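The values are calculated or read from the model by the stated rules, or taken from the named source; none is laboratory data. It should be emphasised that the depicted structure is a prediction, and the values quoted were computed from it without experimental measurement. Because the Cβ atoms are built from the backbone with ideal geometry, glycine has one as well, and the counts that use them run over all protein chains shown. Heads up: the accessible areas ignore ligands, DNA and RNA and are worked out on the full protein's heavy atoms, side chains in. Shrake-Rupley method; radii C 1.70, N 1.55, O 1.52, S 1.80 Å.
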Amino acid sequence: MNIVLKVAGAATLALGLAGAASAQEKLKIGFIYVGPVGDHGWTYQHDQGRKAIEAAFPGKVETTYIENVPEADSERSIEQLARTGHKLIFTTSFGFMEPTLKVAQKYPNVNFEHATGYKRAKNLATYSGKFHEGRYVQGVIAGKMTKTGTIGYVASFPIPEVVSGINAFMLGAQSVNPNVKVKIVWASTWFDPGKEADAAKALLDQGADIITQHTDSPAPLQQAEARGKFAFGQASDMIRFAPKGQLTAIIDDWAPYYVERTRAQLEGKWQSQDVWDGFAKGKVKMAPYTNMPDDVKKLAQETEEAIKTGKLNPFKCPVFDQTGKEVKCEGNGALSDAQVLSMNYYVKGIDDKLPK
Amino acid sequence: MIGFWESILLTVITAATPLLIAALGELIVEKSGVLNLGVEGMMAVGASTGFAVATLTDSSLTGVLAGIGAGMALSLVFALVTLGFAANQVAAGLALTILGLGLAGLIGAKFVGTSRIAIPPIHIPGLSELPLVGKLVFGQSPFFYLSVALAVGVAWFLKKTRAGLSLRSIGENHSSAHALGLKVLRTRLLAILFGGACAGLAGAYLSLVYTPFWSPGMTAGRGWIALALVVFASWLPLRVFLGAYLFGGATILQMHAQAASLGLPSQALSAFPYIATIIALVLISMRRVGATPAPGSLGTAFVPPR
């Protein structure tokens, strides 16, 4: 598999570089993708951001991307971009963290941006999205919409990003439906449509009537649609896979951030930073609210608005863990970002054991 | 409660069917003495071509046939290299996987993000509504009946027919078979094509029934599992059947165990299908009743003496 990805990556690189050689004065920006731009999810959304840069600075920038870069063997791809005159390089998967840091140290005159990581340097910034804000809204909708009182959650791996998503979802659901139950199946994969579909079927068979997912394919959504049940899309609007079943979807919108950082680079004002935005900066958005009654739609919109304006924090204190113990409040009236980014426990009301 | 178990069984069948079809194809290939490690690649090409053609022609049947054709076309490349040029089969098979996955992405590129209605299960008025057996026996996907027929057919072919005997003897010792006047290369070519057709069919099942859309990487290692099943089933068709269902069943059951919050660690549960299938098939082989070792000429190239 890795070999395939490498070959595909190298081919794309060759094409990209051929196009890049002609214009010297333009700012060259590089992207490293973990998946194919056609995954209709995570990488697709990053590529939309790249296109937004091209559109925002016509004639001033030139972008290159390498797709399907395996995380373990990404260093040479990143370095290739650095060596060929790219002055701003975005690496868009958690696993690119160490390789990006290494290359950044080797090329102090190139600026790097790494998504979802936490290691920074003078020329290496990090950025991510508060996807749990969207999950809270989903929870509110699911809590209102469920008739069986049981929601199915197709999860990937027990890392803090996924766990905080489950917790935010549950807190949202509990806010409108205190007795709501969630059943969780860990598919142990980010992308295996068959397995994700099987997980959704198992959850539906066990009485869940709403499915939500933290895996990347539209398969669970499609299963819910096939059975006349409801579900949420992941990373991009997946309505065409479930016109009658999708309630909404969390959309990762990287475009404004990419445009902003490109402008900073062009004006010579680029600085290393750590940015973690959500609804407020438009980095996380919700797809249109569909297939639900007007009152639920209104509630969802109000919840989204409240989070956006800062009136509501999904992890507002007090937060109780599974044992009923109150979690220490380290933020301003809510859990701190650091607490959310390292979350390794379930909140009260989740009747399951977190795999560790 | 009956509805619940019926539903689980239906899910198990959906998960096991592609493995069974692909593994049966590879079984015939290996029985003829050829090791084709390219199942994953042929499956991927079958999935993308099947989906693309079904979408373009708006006909699922045409899509399925195109998937089969694509698998066969790719296996023909393998046949050319390994039979024609007597190249190393392991290397050629791995290359075929790489080629297939890349090609599948290319063929399917325009179809990413489109969705289709799954090919529906058959419905026989009267019979399909019977309690208990109705849905399980008379209301399955056409692919299910095809896979069962394939399992029985392959077993019958290998054991009861003259052609099957020839194929097996070629796989056991190609030089002796050649000395006896059997057409070694022609038989192997047909076996490889059959394997390609099965892998393509299994791929088309993925993108047209299991999860009706195309996305690169959607085979997710099923071709490799099919390959492993053939070995663990000691090259016996009915054991391949058993293995595919055991694996599919264990996969679904561990998900139900998770959903029911039994409190078992999910990592262990995820590994369970692999462990259970390996242990079960090894235990069966240990009884030595009807256990067959690998075909004698498996993986070795045959160059006819001049």
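Just to confirm my numbers, what's the Cα centroid distance between segment B:46-62 and segment A:306-356 in Å?
47 Å
Please check chain A for the longest run free of GluC sites (Glu not before Pro) that are loop-located per DSSP (anything but H, G, I, E, B) and have at most 15 other Cβ atoms within 10 Å.
Segment A:26-266 is the longest.
For the protein assembly as shown, give the percent of accessible area contributed by carbon and sulfur heavy atoms, probe 1.4 Å, rounded to a whole number. Intermediate results must be reported in sequence, preceding the final value.
Details: 16810 of 26850 Å².
Ligands and nucleic acids excluded, carbon and sulfur give 63 percent.
Can you give me the three principal axis dimensions of segment A:188-227 from its C-alpha atoms, in Å, biggest first?
24, 17, 15
Let's test the formula: R0 of 45 Å, r as the Cβ-Cβ distance of B:Trp156 and A:Asp73. What FRET efficiency results, to the nearest 0.05?
Numbers: r = 47 Å, r/R0 = 1.05.
Efficiency at R0 = 45 Å is approximately 0.45.
Just to confirm the number: angle between the C-alpha axis of helix A:42-56 and the first principal axis of chain A, 0 to 90 degrees, nearest 10?
Rounded to the nearest ten degrees, it is 50.
Could you tell me the extents of segment B:2-286's C-alpha atoms along the three principal axes, largest first, rounded to whole Å?
In descending order, the Cα extents are 59, 49, 43 Å.
Going down the list A:Lys285/A:Lys325; A:Lys311/A:Lys356; A:Lys130/A:Lys285; A:Lys60/A:Lys130, which pairs span over 22 Å between their C-alpha atoms? It would help to have the intermediate numbers written out before the result.
Details: A:Lys285/A:Lys325 32 Å; A:Lys311/A:Lys356 33 Å; A:Lys130/A:Lys285 10 Å; A:Lys60/A:Lys130 31 Å.
As for pairs spanning more than 22 Å Cα to Cα, those are A:Lys285/A:Lys325; A:Lys311/A:Lys356; A:Lys60/A:Lys130.
Take B:Thr300, project a point 7 Å from its Cα along the Cβ direction, then tell me which residues of segment B:1-45 have their backbone nitrogen under 14 Å from it.
Only B:33-35 pass the distance filter.
Taking every pair of alpha-carbon atoms in chain A, what share in percent sits in each 20 Å bin, from 0 to the bin with the longest distance?
Pairs per bin, as whole percents: 30, 55, 15, 0.
Considering only protein heavy atoms, what per residue accessible area in square angstrom results for the protein assembly as shown with a 1.4 angstrom probe? Walk me through the intermediate numbers first.
Working: 26850 Å² over 662 residues.
Accessible area per residue: 41 Å².
Taking 25 Å as R0, compute the FRET efficiency from the Cβ-Cβ separation of A:Gln105 and A:Val275 and round it to 0.05. Please list the in-between numbers first.
Working: r = 21 Å, r/R0 = 0.86.
Computed FRET efficiency for A:Gln105 and A:Val275 comes out at 0.70.
What are the ³J(HN,Hα) values, in whole Hz, obtained from phi via the Karplus relation 6.51 cos²θ - 1.76 cosθ + 1.60 with θ = phi - 60°, for each residue of segment B:246-253 in sequence order, with x given for Gly and Pro?
Taking θ as phi minus 60°, the curve returns 4, 5, x, x, 5, 4, 5, 5 Hz for segment B:246-253.
Filter the trypsin sites (Lys or Arg not before Pro) in segment B:123-196 to those in DSSP coil with at most 16 other Cβ atoms within 10 Å of their Cβ, and list the result. Walk me through the numbers on the way to the answer.
Values: sites: B:Lys135, B:Lys159, B:Lys160, B:Arg162, B:Arg168, B:Lys183, B:Arg186, B:Arg188; in loops: B:Lys183.
When the trypsin sites (Lys or Arg not before Pro) of segment B:123-196 are filtered for loop state and at most 16 Cβ neighbours within 10 Å, B:Lys183 remain.
Note down the net charge around A:Leu101, summing +1 for each Lys or Arg and -1 for each Asp or Glu among other residues with Cβ under 9 Å from its Cβ.
Details: positive: A:Lys102, A:Lys119, A:Arg120; negative: A:Glu98.
My count for the surroundings of A:Leu101 gives +2.
In Å, the Kirkwood hydrodynamic radius of segment B:1-136 over pairs of distinct alpha carbons? Mind dumping the intermediate values first?
Values: mean 1/r = 0.0588 Å⁻¹.
Over segment B:1-136, the inverse of the mean reciprocal pair distance is 17.0 Å.
Checking a compactness column here: for segment A:100-139, what do you get for Rg(Cα) / (2.2 N^0.38 Å), N being the number of residues?
Values: Rg = 14.2 Å, N = 40, 2.2 N^0.38 = 8.9 Å.
The reported ratio for this selection is 1.59.
Could you estimate the translational diffusion coefficient of the protein assembly as shown from the Stokes-Einstein equation, with Rh from the Kirkwood formula over C-alpha pairs, at 10 °C and 1.306 mPa s, in whole µm²/s?
On the way: Rh = 26.5 Å.
Using the Kirkwood radius from Cα pairs, D works out to 60 µm²/s.
In the protein assembly as shown, what percentage of the DSSP-assigned beta bridges are antiparallel, given to the nearest 5? All intermediate terms of the calculation are to be shown ahead of the outcome.
Details: 8 of 44 bridges.
Given both bridge residues lie in the protein assembly as shown, the antiparallel proportion sits at roughly 20 percent.
Tell me: how much accessible area in total is hidden between B and A, 1.4 Å probe, Å², nearest 100? Write down the numbers at each step before the final one.
Numbers: alone 14300 and 15570 Å², together 26850 Å².
By this definition, chains B and A bury close to 3000 Å².
Threshold 40 Å², probe 1.4 Å: give the residues of segment A:30-56, in number order, that are less accessible with all protein chains present than with their chain alone.
Listed in order, they are A:Gly38.
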